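**Student:** Mind looking over this structure? Questions follow.
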Amino acid sequence: MRVLLANKFYYHRGGDCIYMMELERLLKAKGHEVAIFAMQYPENLPSEWSKYWPSNMSAVKALSRPFGDSEVIHKFNALLNDFMPNVVHLNNIHTQLSPVIAEIAHRRGIRVVWTLHDSKLVCPCYTCMRDGKWCEECFSRGTSVIKHRCMPGGYMGAIIGYMEKRKWNKNRLQFCCDLFLPPSQFMADTCIRGGYDKEKFRVLSNFIDLKKVENPSFDKGNYYVYLGRLTKVKGIETLCKAASELPYKLVVIGGGEMEPELRSKYGNTNIEFLGQQKWEEFRAVLEGARFMVIPSEWSENNPLTVIESLALGTPVLGANIGGIPELIDAGVSGMVFESGDQEDLKNKIEKMWNASFDYESISMAAQSRYSSDKYVEQIVDIYSI
């Protein structure tokens with residue numbers, strides 16, 4: 001089968017990029033032909049398909065590219081002509097590539113599926129969050145993004161966001177996309193509340209390469225761990241406040257805008273900051289933790305950090321927000337707490353610390369549920385419908 005994967009960037013920038021690049025590797029390993037469509041960007045990895053990629057964004061292109069400019073149309077058509085895919089699998093494409101590529105593929109009779117890494121289908125600013133709270137105003141009133149100016153770029157950014165959502169509306173996108181693939185039921189439900197047809201959705205959770213988590217050790221140390229970016233929406237500040245009032249050691253893995261402030265404030269407490277690390281560096285730390293905390297204060301979709309932790313047999317204490325609770329079997333593989341509630345988080349940390357878990361069973365269940373081999377079988381079946 002010939003599969004064309006599309007995403008804005010082609011380097012390990014975020015979850016969408018990691019997902020697509022890992023899927024590319026898995027599909028090739030199963031004997032499928034894979035082409036990539038992305039935007040030219042300095043940090044992109046080398047690719048034999050880069051000659052087909054449109055140029056990087058500029059101030060001028062920011063006014064035209066979100067709506068499908070001539071360069072994207074020309075280069076995408078050229079790639080379709082030369083590669084002749086059986087299916088086009090979209091990922092994070094809005095603005096830098098735009099959904100025009102879905103329309104082009106559909107018109108040519110090519111099957112189009114779309115993995116939803118965020119809520120851009122129903123929210124111009126991708127997150128359905130405004131002033132730290134959940135917001136669905138744009139589901140029924142598209143001009144709300146202008147009213148609240150919740151897009152980057154102030155008033156002009158809000159205008160572009162509104163026009164982009166108006167052009168790529170639900171009727172237009174549903175017509176040219178055969179199936180949307182949200183990784184969580186939460187994301188599917190969000191889009192359906194925004195007016196999309198539920199028959200167009202199939203939930204397909206993220207996956208993990210089992211080689212990455214093979215032969216885990218279930219010997220746990222006297223610490224728990226946070227793994228992720230150090231930004232406000234990730235809830236790291238709330239976690240540090242709660243952790244500093246408890247006698248247990250917290251190990252923080254990750255970097256971000258809040259790192260200097262948090263190190264200065266909590267560096268001499270029971271919190272240890274390891275900074276940004278690669279998987280090979282932090283696997284043993286995650287593996288040896290009593291549990292992992294994901295204290296998000298925005299609606300995470302299907303966080304890979306939870307899947308990685310569970311696959312190693314490390315239970316998870318997760319915020320009861322977004323798609324996080326779908327990944328946790330409360331009382332078996334972890335617990336949940338109310339997002340942003342420092343006292344509830346503090347109480348649940350104590351409960352997790354004193355609870356008994358079957359680490360091996362957690363690992364076995366997660367590895368079975370999120371196996372990359374199983375995922376490839378499912379996605380190829382979807383391609384073939």
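**Student:** Net charge within 10 Å of residue 170 by Cβ-Cβ distance, Lys/Arg positive one each and Asp/Glu negative one each, not counting residue 170 itself?
**Tutor:** +2
**Student:** Please work out how much length the chain gains when fully extended from residue 330 to residue 279, using 0.36 nm per residue of separation minus the C-alpha to C-alpha distance, in nm with one decimal.
**Tutor:** Computed gain between residue 330 and residue 279 is 15.7 nm.
**Student:** Another question, then. Remind me, relative contact order of the chain in percent, using alpha carbon pairs under 8 angstrom and six or more residues apart?
**Tutor:** 12 percent
**Student:** Full-extension gain between residue 143 and residue 64, please, as 0.36 nm times their residue separation minus the C-alpha to C-alpha distance.
**Tutor:** Length gained between residue 143 and residue 64: 26.5 nm.
**Student:** Which length gain, in nm to one decimal place, applies between residue 45 and residue 210 when the Cα-Cα distance is subtracted from 0.36 nm times their residue separation?
**Tutor:** That pair, residue 45 and residue 210, stretches by 57.0 nm at full extension.
**Student:** At what distance in nm do the modelled label points of residue 371 and residue 269 sit from each other, each positioned 7 Å from its Cα along Cα→Cβ?
**Tutor:** That separation, rounded to one decimal, is 4.3 nm.
**Student:** Fewest to most neighbouring Cβ within 10 Å: what's the order for 135, 17?
**Tutor:** 135, 17
**Student:** Here's another thing I want to ask about it. Provide the net charge surrounding residue 266, with neighbours chosen by a C-beta distance below 14 Å and charges set as Lys +1, Arg +1, Asp -1, Glu -1.
**Tutor:** With Lys, Arg at +1 and Asp, Glu at -1, the net is -1.
**Student:** Segment 243-289: which GluC sites (Glu not before Pro) are DSSP loop and have at most 11 other beta-carbon atoms within 10 angstrom?
**Tutor:** Taking segment 243-289 and a limit of 11 other Cβ atoms within 10 Å, the loop GluC sites (Glu not before Pro) found are 257.
**Student:** Take the alpha carbon gyration tensor of segment 210-369, find the square roots of its eigenvalues, order them as a ≥ b ≥ c, and report rounded if a/c is under 1.5; if not, report prolate when a/b exceeds b/c, else oblate.
**Tutor:** Rounded shape, in that the Cα axes give a/c under 1.5.
**Student:** I want the antiparallel fraction of DSSP beta bridges within the chain, as a percent rounded to 5.
**Tutor:** The antiparallel proportion sits near 5 percent.
**Student:** Follow-up question, since we're still on this one. With 10 angstrom as the radius, rank 9, 175 by how many other C-beta atoms surround their C-beta, starting from the fewest.
**Tutor:** 175, 9
**Student:** Going by how many other Cβ atoms sit within 10 Å of their own, how do 305, 127 line up, fewest first?
**Tutor:** So the ranking, lowest neighbour count to highest, is 127, 305.
**Student:** If r is the Cβ-Cβ distance from residue 13 to residue 344 and R0 is 56 Å, what FRET efficiency results, to the nearest 0.05?
**Tutor:** In this case the efficiency is close to 0.95.
**Student:** Kindly provide the helix-only [θ] at 222 nm of the chain, computed as the sum of -39,500 (n - 2.57) over DSSP H runs of four or more divided by all residues, to the nearest 500 deg cm²/dmol?
**Tutor:** That calculation yields -11500 deg cm²/dmol at 222 nm.
**Student:** Something else about it: Give, as a single signed number, the net charge of other residues whose beta carbon lies under 14 Å from the beta carbon of residue 84, with Lys and Arg counted +1 and Asp and Glu -1.
**Tutor:** Its environment carries a net charge of +1.
Values quoted throughout were computed directly from the atomic coordinates according to the rules given, and no laboratory measurement underlies them. What you see is a predicted model, and the numbers here were worked out from it, not measured in a lab. Positions of Cβ are backbone-derived with ideal geometry, glycine not excepted, and every protein chain shown enters the neighbour counts.
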